[in-house]
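First up is the structure itself, then whatever we jot down about it.
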Amino acid sequence: NKTKLLEAEKLTAVGQLAASIAHEIRNPLTSLKGFVQLIEQTVSDVSANYFTIMKDELRRIELITSELLYLAKPQAQEFKDERICQIIQDVNMLMSSQALMNNVELRITGLDGLPEIRCVAAQLKQVFINLIKNAMEAMPSGGVIHIHASSPSPETLMIQVSDTGKGIPQELIAKIGSPFYTTKENGTGLGMMATQQIIHSHGGTLDITSTEGEGTTIHICLPAANVQNQDETGDGK
Ligand code: ADP
Ligand code: MG
């Protein structure tokens, strides 16, 4: 448990450092973007390619900095008792058009009769958005994302996000969530790190199971609100 605490402290320090660096990068990035757009209008067709590349790379820096900025947020926001069904429904609304475009069916089950959880709703939404994005990216020609919620005991809430995608080789599962670990050409390798950090800051656990060629399931366990109120340590066992 002591090592767990130390790990959490380290993560917080890394998160804060990352966020301050990201913040410093943002302002020059904004002016760079503005001037690139301005110059683009004045140049010949020959250079058009270069501008496409420059804008893509700038977008990539923007993506990485916004994910890094997100890492520092968990400490800042307010915890409230929320209904997970509302959170999942909001995410469903946000992601449904993207799912449709990618030929992905978003299936959601088990939302009735769940205990409330004490959480920062915006952060949990981010968690599900990250997981859905990864699931979609693992199914380039479409498939099914199944979000199933359940409450195995009155004190716990379990949410499983599974996909029918390419899966993850067993030996690589442990690497997921390490900063900058990505297998994608345009990945940041920060989504799962932020996701794990948010779940841990909510006293929960995140596990990954996967079969190559069949799909991946992310298992999230969160303590119910009534439990955290009684037990303020909420270290998620
Ligand atoms: P990114 O999506 O930018 O690569 P993440 O931290 O979100 O970064 O994910 C890290 C890596 O974990 C991905 O590059 C991918 O290899 C693997 N991964 C995560 N979720 C899935 C999934 N549902 N199916 C297959 N691989 C996954
Ligand atoms: Mg991702």
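Rule-based calculations on the coordinates, nothing more; no lab input. Keep in mind that what you see is a predicted model, and the values were worked out from it rather than measured. So basically every Cβ, Gly included, is an ideal-geometry build from the backbone, and we count neighbours across all protein chains shown.
For this structure, a couple of remarks:
- Residue separation of Ala174 and Arg60 scaled by 0.36 nm, minus their Cα-Cα distance, works out to 38.5 nm of gained length.
- A protection proxy built from the mean count of other Cβ atoms within 10 Å ranks the segments 150-156, 114-120, 205-211, most packed first, as 114-120, 205-211, 150-156.
- Averaging Cα coordinates gives a centre for the range 14-66 and one for the range 94-170; these two points are 31 Å apart.
- Set Lys80/Lys184; Lys133/Lys166; Lys80/Lys175; Lys55/Lys125; Lys55/Lys133; Lys33/Lys175 screened for pairs whose C-alpha atoms are more than 25 Å apart: Lys80/Lys184; Lys80/Lys175; Lys55/Lys125; Lys33/Lys175
- Counting only Cβ charges, +1 for Lys and Arg and -1 for Asp and Glu, the dipole size of the chain around its Cα centre is about 300 debye.
- Modelled FRET efficiency - R0 41 Å, Gln16 with Asn103, Cβ distances, 0.05 increments: 0.55
- Between the residues Ile218, Phe180, Val104, the greatest Cα displacement towards the positive end of the dipole of the chain, with unit charges on the Cβ of Lys, Arg, Asp and Glu, is found for Phe180.
- Inter-probe distance in nm under a simple model that places probes 7 Å from Cα toward Cβ, at Thr209 and Gln89: 3.0
- Dipole magnitude for the range 17-138: about 120 debye, using +1 per Lys or Arg Cβ and -1 per Asp or Glu Cβ, origin at the Cα centre.
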